[in-house]
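Enquirer: My questions will all concern the structure given below.
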Amino acid sequence: MAAPPGLWRLGLSRLAAALGLLLSAGAVPVMAQSPAPTLPPPDSVHLDRLGYMSTFPPEGAQRVDQSNAYKYPQLRWVVQHLRELQPTRNIRRGSAPASALPADPKPLGALQFEDAKGQKISLEAWAQSTYTDALLVLHRGRVVYERYDNQMQPSSPHLLFSVTKSFTGLMAAQLAHEGRLDPQALVTRYVPELAGSAWGDMKVREVMDMTGAVRFRENYTDPSSEIFGYAWASGLLPRPAGYQGAGNVYDFLKTLPKDGEHGQAFTYRTVHSEVLGWIVSRVTGQHWADLMSQQLWQKMGMEEDAYVMVDSVGTPLQGAGLNATARDLARVGEMLRLGGRFNGQKIFDAAVIEDTARGGDRERFKAGGLQAARPGYSYRNQWWVLHNADGAYEAAGVHGQFIHINPAAQMVVIKLSSHPVAGAAFTHATTLKAWAALAQALR
């Protein structure tokens, strides 16, 4: 299929970065086979130096708009200012006082550990070299390390990419625990509109753990690839002239066919998260953003409102569109470490957290081809489970977003970044070493 007129004028660099919103570490094996890219020095793409949107009005190279928003380094500005470019829906924190995050600072910036190449690196140097915008470490509920860079502030919301999926997964798991959602039921019990799609004979559990077989190719150079359809339907990319495809995310999901047998292997697909969010909203009768506000943001005493990107009919991007601050994400991580309670309230039942942290089927995870990139991992309720001695698990998103929980070390780490490369192939091995070094230092 030839590219539609005008599509390539977007530029492949912008295209790949924009569609990177939809990915997580699922792209690692493909990227790992490619040579490491040449990356710009972090200081050379610092927002203070670039000066984006800093004059009145911004002119020329200072302007960030739809024509260049997903190029790099413009993306460094976008991840802190998404709502200025895309339609969004607010996630209210309510009017209650913010819950406490007591501080107990420790000199962790100088902590030394070996990177993936066996070379010594400090935590501070690792954070800088991975284009970190915010890094926050909690130990036993106290902030022991907090670092911001690249104009990021404690009050700044940051685009979380696929970390969004993990919130959707927890809400679905809670509904299952309450008996309001049957994981063994067919998806069509809740969303009959998907009867003619890949989800027509798929179980809800296969959506929750991404073991359902759906044709969803992520080929950035082929406009017939389904990733383009998602991007055009959701509004992530401008639609080409003469576009006749789906006008919103839910209509797009109806077009995706089955590709293989369900339940055989873990295959990372953002569209599963969109279906799961649709199911959650059908079961509750509520918009995803309102559920997030009522179930988490208001009960937990968050400091700031969050928000989520929406499509042309208000459908939230439940697999990629959440924006929140590092401190509020730290509260989420601590709530999970404490078994689902925080700020004197039950947010999730302990059984939901335990089920998630136990992980999924490791053999199905291996069958999906990610074992080399994430050895020993599994995937459960849209969370990555490490299966290490500490029982660690995490939410992860492209360009370097993490909520990492280590129960044995009583540690939570939040990392928000704007790395030039979407996938984690070039950073994840050292990230694991950073988590281990922090846990050891805090024991």
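Every number in this text was worked out from the coordinates using simple rules, so none of it is lab data. Not measured: the values here are computed from a predicted model. Heads up, the Cβs are rebuilt from the backbone with ideal geometry, glycines too, and the neighbour counts pull from every protein chain shown.
Enquirer: What distance in nm lies between label points placed 7 Å from Cα along the C-beta direction at residue 140 and residue 219?
Expert: The answer from the label model is 5.6 nm.
Enquirer: Sequence-distant or interchain residues sharing an amide H contact under 5 Å with residue 88, placed H: which?
Expert: Long-range HN contacts for residue 88: 310.
Enquirer: So what are the ³J(HN,Hα) numbers for the stretch 328-333, from phi and the Karplus equation (6.51, -1.76, 1.60; θ = phi - 60°), rounded to whole Hz, Gly and Pro as x?
Expert: Each residue of the stretch 328-333 in turn: 6, 5, 4, 4, 4, x Hz.
Enquirer: OK, next. How big is the dipole moment of the stretch 349-443 about its Cα centre under a simple scheme where the beta carbon of each Lys and Arg is +1, that of each Asp and Glu is -1, and everything else is neutral? Debye, nearest 20, please. Could the numbers behind the result be given before it?
Expert: Working: 9 positive and 7 negative charges, 61 e Å.
Dipole about the Cα centre, nearest 20: 300 debye.
Enquirer: What residues have an amide H closer than 5 Å to that of residue 158, excluding those fewer than 5 places away on the same chain, when H is modeled at 1.01 Å from N in the peptide plane?
Expert: Distant-sequence amide H within range of residue 158: 324, 325.
Enquirer: If you add up the charges near residue 385, with Lys and Arg at +1 and Asp and Glu at -1, over every other residue whose beta carbon is less than 15 angstrom from its beta carbon, what do you get?
Expert: For residues surrounding residue 385, the net value is +1.
Enquirer: Continuing with the same structure: What length, rounded to one decimal in nm, is gained on full extension from residue 67 through to residue 106, with 0.36 nm per residue of separation minus their alpha-carbon distance?
Expert: Residue separation times 0.36 nm, minus the Cα-Cα distance, leaves 9.7 nm.
Enquirer: Using θ = phi - 60° and the Karplus relation 6.51 cos²θ - 1.76 cosθ + 1.60, list the HN-Hα couplings for the stretch 86-91 in order, rounded to whole Hz, with x at every Gly or Pro.
Expert: 10, x, 9, 10, 6, 10
Enquirer: Given the Cα-Cα distance of residue 355 and residue 95 and 0.36 nm per residue of separation, how much length would full extension add, in nm?
Expert: 90.3 nm
Enquirer: Given springs between every Cα pair under 10 Å in a Gaussian network model of the chain, which of 303, 218, 354 has the largest fluctuation?
Expert: The residue that fluctuates most here is 354.
Enquirer: Which length gain, in nm to one decimal place, applies between residue 120 and residue 55 when the Cα-Cα distance is subtracted from 0.36 nm times their residue separation?
Expert: 19.3 nm
Enquirer: With the radius of gyration and the Kirkwood radius both derived from the Cα set of the chain, what is their ratio Rg to Rh?
Expert: Looking at the chain, the ratio lands at 0.94.
Enquirer: Would you mind working out the magnitude of the charge dipole of the chain relative to its Cα centre, with +1 at each Lys and Arg C-beta and -1 at each Asp and Glu C-beta, to the nearest 20 Debye?
Expert: That gives a dipole near 300 debye.
Enquirer: Whole-Hz Karplus ³J(HN,Hα) for the stretch 415-423, in order, using 6.51 cos²θ - 1.76 cosθ + 1.60 and θ = phi - 60°, x for Gly and Pro?
Expert: Along the stretch 415-423, the couplings run 10, 10, 9, 9, 5, x, 9, 5, x Hz.
Enquirer: Looking at this model, which pairs from 165/254; 117/433; 165/433; 117/366; 106/299; 299/415 are more than 18 angstrom apart at the alpha-carbon?
Expert: 165/254; 165/433; 117/366; 106/299; 299/415
Enquirer: Among 403, 121, 414, which one shows the biggest mean-square fluctuation in a GNM of the chain, springs joining Cα atoms closer than 10 Å?
Expert: Between 403, 121, 414, it is 121 that shows the largest mean-square fluctuation.
Enquirer: Can you give the FRET efficiency to the nearest 0.05 for residue 38 and residue 264, using r as the Cβ-Cβ distance and R₀ = 35 Å?
Expert: 0.35
Enquirer: Follow-up. Please state the charge dipole magnitude for the stretch 261-343, taken about the Cα centre, from unit charges on C-beta atoms (+1 on K and R, -1 on D and E), reported in debye and rounded to the nearest 20.
Expert: Roughly 280 debye, rounded to the nearest 20.
Enquirer: Under 5 Å between amide hydrogens, which residues at least 5 positions from residue 64 or on another chain qualify, with H placed 1.01 Å from N in the peptide plane?
Expert: 53
Enquirer: Moving to a separate point now. Please list, in order, the residues from the stretch 114-137 whose amide nitrogen is less than 18 Å from a point placed 7 Å along the Cα→Cβ vector of residue 389.
Expert: Within reach of a label on residue 389: 114.
Enquirer: Order the peptides 321-328, 265-272 from the highest to the lowest mean number of other Cβ atoms within 10 Å of their residues.
Expert: On the way: 321-328: 25.8, 265-272: 24.0.
In descending order of packing, they fall as 321-328, 265-272.
Enquirer: If we sort 381-391, 252-262 on the protection proxy, mean other Cβ atoms within 10 Å, highest first, what's the order?
Expert: Numbers: 381-391: 20.7, 252-262: 16.7.
For the peptides 381-391, 252-262, the packing ranking is 381-391, 252-262.
Enquirer: According to the square roots a ≥ b ≥ c of the eigenvalues of the Cα gyration tensor, what is the shape class of the stretch 317-435, taking rounded for a/c under 1.5, prolate for a/b larger than b/c otherwise, and oblate for the remainder?
Expert: It is oblate, given that a/c is not under 1.5 and a/b is not larger than b/c.
Enquirer: A further question follows. Looking only at 184, 174, 294, which one moves most when the chain is put into a Gaussian network model with springs between Cα atoms under 10 Å?
Expert: 184
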